[in-house]
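These notes concern the structure reproduced below.
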Amino acid sequence: MSNELIIIVTLSLLIFATPFLAKITRLPTSVLEIIFGSVAGTVGLLHHIELFELVAEFGFLYLMFLAGLEVDLKKVINTDKKLLKRGMFYILSLYILSFLTVKYLNLSNIFIAILPLISVGLIAALIKEFGKKVKWLELSMTIGSLGEVVSIAVLTIISAGFEFGYGGKFYETIFYLSIFLLLILGIFKFLQILFWWYPEIKTTLMPRIDKEEQDIRLSMAIFFIFIAIMVYLKLEVAFGAFIAGIFIATFFEHKKALPHKLSSFGFGFFVPIFFIYTGSSFKLSALLMDGLVQKALMITFLMIFIRVASSFVFIKILGFKNSLLFGLSHSMPLTLLVAIATLAYHAKSIDNFYYLAFILASLFEVLIVMTSIKIIMKLKRTNAV
């Protein structure tokens with residue numbers, strides 16, 4: 001059997017089986033997809049052929065698009081100003097603690113950008129388990145959305161640095177990024193006014209009763225247009241996918257089922273391929289590399305520590321336990337950690353050892369944090385009774 005057929009069959013079986021195994025193990029599906037991708041890659045069932053890499057890349061971009069769908073700018077802007085100020089201070093403190101830690105431990109400067117990363121993807125998994133009405137989770141999603149915007153912006157700047165170096169071309173790229181963001185803000189403001197005066201435009205573009213799936217068609221059109229713009233401007237395409245998701249979440253909130261439809265499509269096919277591909281690049285034999293597990297645990301500890309320490313800016317609002325839970329919920333930036341580690345590795349900013357350490361740390365974080373949150377929540381319920 002050819003490599004292509006083996007890959008297709010292996011992917012099909014893994015995509016189908018992991019949700020069932022996730023229910024049994026009570027682990028996030030994405031973690032199992034990385035683990036089983038690693039196993040399949042180690043035994044030779046998955047090879048990095050061009051088509052596999054292309055679909056995995058699309059899966060990553062679609063994942064960034066879905067992350068953007070979690071961010072409703074109207075809700076973020078309308079959040080209590082005191083909370084937003086605390087949220088900005090929380091994000092700033094992540095970067096300050098990261099800078100101090102990196103300098104104290106004499107680590108590579110890339111760690112300053114990596115350690116504070118925030119991604120809300122797995123916060124959504126917590127909301128599914130504990131509900132939307134939990135105060136610390138609600139705040140975690142709001143501030144996490146803001147933090148993810150900052151993280152994606154940092155990812156874009158770093159990828160420009162990796163590609164062009166830090167000379168004139170880099171500053172030209174940052175200039176284009178700034179112009180792009182200003183234009184996006186202008187378009188957002190214009191559309192906000194336009195849709196306020198003419199709300200029927202929204203229902204024309206995305207009818208409430210939609211037999212032609214216009215909502216998905218428009219969403220995909222916006223997704224690819226933003227990617228095309230980023231490719232033309234030579235900016236990080238993941239940022240374009242993320243902005244496209246924010247655009248849809250902010251202006252087409254009347255389509256309540258749309259995020260679920262888009263999420264089902266993504267998490268049912270493209271996103272799992274990205275996680276399996278990521279896992280397949282981590283051969284299990286790497287666990288025997290001298291110091292790899294220890295380095296991954298160090299990264300895990302540092303990422304959890306700076307978030308938990310920073311989260312106590314909310315102690316007056318949430319209390320001690322809920323502030324702790326808030327910090328832990330941001331300690332699983334699985335998707336962005338994998339993404340930026342991949343970028344850094346391809347740009348030769350980190351070597352293979354650190355790339356593997358970051359992949360392993362992303363798994364450790366999910367396992368440790370998910371377990372910790374469940375234990376703390378169980379203790380809270382026990383004490384409440």
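The values are calculated or read from the model by the stated rules, or taken from the named source; none is laboratory data. From a predicted model like this one, the values you see are computed outputs, not experimental measurements. Cβ coordinates were reconstructed from backbone atoms using ideal geometry, including for glycine residues, and neighbour counts include every protein chain displayed. Heavy atoms of the whole protein, side chains included, go into the accessibility calculation; ligands, DNA and RNA do not. Shrake-Rupley method; radii C 1.70, N 1.55, O 1.52, S 1.80 Å.
How much accessible area per residue does the chain have, counting only protein heavy atoms and a probe of 1.4 Å, in square angstrom?
Heavy-atom accessible area per residue stands at 49 Å².
Can you list which of the DSSP-assigned H helices in the chain have a Cα extent of 30 Å or more along the long axis and an average Kyte-Doolittle score of at least -0.5?
Both cut-offs are met by 3-25, 81-105, 135-164, 168-197, 352-384.
Within 10 Å, count the other beta carbons around each residue, average over each peptide in 85-91, 289-295, and list them highest first.
Order by mean packing, descending: 85-91, 289-295.
Hey, what number do you get for the chain at 222 nm if only DSSP H runs of n ≥ 4 count, each worth -39500 (n - 2.57), divided across all residues, to the nearest 500?
That comes out to -26000 deg cm²/dmol.
Could you give the length gained by full extension between Thr203 and Glu50, i.e. 0.36 nm per residue of separation minus their alpha carbon distance, to one decimal place?
Full extension from Thr203 to Glu50 adds 51.0 nm.
Would you mind calculating the relative contact order of the chain from Cα pairs under 8 angstrom and at least 6 residues apart, reporting the percent as a whole number?
Contact order relative to length: 30 percent.
If you build a Gaussian network model of the chain, linking Cα atoms that sit under 10 Å apart, which residue out of Ala56, Ala221, Ala339 swings the most?
Highest fluctuation of the listed residues: Ala221.
Using per-residue counts of other Cβ atoms within 10 Å, averaged over each peptide, order 325-338, 146-159 from highest down.
Output ranking for 325-338, 146-159: 325-338, 146-159.
Given a 1.4 angstrom probe, I'd like the percentage of the accessible area of the range 32-166 that is carbon and sulfur, rounded to a whole number.
The nonpolar share, carbon plus sulfur, comes to 65 percent.
Please report, as a whole percent, how much of the solvent-accessible surface of the range 205-301 comes from carbon and sulfur atoms (probe radius 1.4 Å).
Percent of accessible area from carbon and sulfur atoms in the range 205-301: 69.
Structure shown: which of Lys135/Lys202; Lys295/Lys374; Lys256/Lys378; Lys23/Lys378 lie over 24 Å apart, alpha-carbon to alpha-carbon?
Table pairs above 24 Å Cα-Cα are Lys135/Lys202; Lys295/Lys374; Lys256/Lys378.
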